[in-house]
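The values are calculated or read from the model by the stated rules, or taken from the named source; none is laboratory data. As the structure is a computational prediction, the values presented were derived from the model and not from experiment. Glycine also receives a Cβ, built like all others from the backbone with ideal geometry; neighbour counts cover every protein chain displayed. Note: accessible area is taken over every heavy atom of the protein model, side chains too, but ligands, DNA and RNA are not part of it. Shrake-Rupley method; radii C 1.70, N 1.55, O 1.52, S 1.80 Å.
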Amino acid sequence: MIPCYKSIKLLTDKVFALALLFLFSPLMLFIALVVYMEQHRIFFIQTRPGYLGTPFRMYKFSTMDNDRDKPDIERITLLGFWLRKLSLDELPQLWNILKGEMSFIGPRPFLMEYLPLYSKHHMQRHLVMPGITGLAQVTGKNNVGWTEKLDMDVYYTRHINFFLDVKIVLLTINYFIRGCPGSYPATKFAGYYSDRH
């Protein structure tokens, strides 16, 4: 690992987040307007576990309607489908990066309710900042089992370095070009028995 890489990464994250917020501000304003016209709200805001499991409020563009009686997959709007397919719903998380709550690259911050379900081994995923993209996402997104996904998060935590981050960035660009297959809501983590067949 490059000496002090985590500190360098924190600084470069904030610099790039600020630059991208400036660059994409017209697009984000347009998306916000269209989402509001469709749903009468703009953001989906949810508390997620961050570094060391500390809760923070994560921001996304809203992609689902308000009918909570339907399964999540049926609540995705037409606009929401395309925002998810192109990962544009994640753009508001640039603000989370500026606030020092997230990184561009790291384990995805899952639901708070999952914390008691993790093994001690998988709790190590919270030893680094959560990310917008990560090793598990570019390796299979929602199409791999939970145990495998969490194992990849721990692998990243233990092997975090500049070259691994570059690899994840390149794979993320490839996923973006391909339209991010597997962008539907993931099956909820219900414990390790859920991965057994």
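Observations
- Remark: the stretch 56-116 carries a charge dipole of roughly 200 debye about the Cα centre, counting +1 on each Lys and Arg Cβ and -1 on each Asp and Glu Cβ.
- Short-range pairs are left out: with C-alpha atoms under 8 Å and at least six residues apart, the relative contact order of the stretch 108-176 is 38 percent.
- Accessible area expressed per residue, the stretch 11-79, with surrounding protein chains retained (probe 1.4 Å, Å²): 66
- Solvent-accessible area, 1.4 Å probe, carbon plus sulfur percent, for the stretch 13-78: 67
- Amide H to amide H, with H built 1.01 Å from N, Phe44 comes under 5 Å of Lys60, Phe61, Ser62, counting only residues 5 or more places away or on other chains.
- Computed FRET value (nearest 0.05) for Thr47 with Leu21, which takes r as the C-beta separation and R₀ as 22 Å: 0.50
- The heavy atoms of Ser25 offer some 40 square angstrom of accessible surface to a 1.4 angstrom probe.
- Under-5 Å amide H pairs with Gly131, H placed in peptide plane, nonlocal only: Ser103, Gly106, Arg108
- Among Pro55, Pro92, Pro26: highest mean-square fluctuation, GNM of the chain, C-alpha pairs under 10 Å: Pro26
- Relative contact order computed over the stretch 71-141 (Cα-Cα under 8 Å; 6+ residues apart), in percent: 33
- Cross-link pairs Lys9/Lys188; Lys60/Lys188; Lys85/Lys167; Lys85/Lys149 - those with Cα-Cα distance over 26 Å: Lys9/Lys188
- The distance between label points at Asn161 and Phe30 comes to 4.1 nm (points 7 Å beyond Cα on the Cα→Cβ vector).
- Normalising the average separation of contacting C-alpha pairs (under 8 angstrom, six or more residues apart) by the number of residues puts the relative contact order of the chain at 22 percent.
- This structure gives Cα Rg over 2.2 N^0.38 Å, computed directly, and of (i) 1.13; (ii) 1.01; (iii) 1.31 that value is listed as (ii).
- Inter-label distance, Thr12 to Ile73: 3.8 nm, where each label sits 7 Å from its Cα along the C-beta direction.
- The charge dipole of the chain, taken about its Cα centre with unit charges on the Cβ atoms of Lys, Arg (+1), Asp and Glu (-1) only, comes to about 340 debye.
- Shown here for the stretch 35-79: chymotrypsin sites (Phe, Trp or Tyr not before Pro) in loop regions (DSSP other than H, G, I, E, B) with at most 12 other Cβ atoms within 10 Å, of which there are none.
- Here's the picture: a label point sits 7 Å out from the Cα of Tyr5 along the beta-carbon direction, and within the stretch 93-124 the residues with their amide nitrogen under 18 Å of it are 103-108.
- Placing pseudo-labels 7 Å out from each Cα toward the beta carbon at Phe81 and Lys99 gives an inter-label distance of 3.2 nm.
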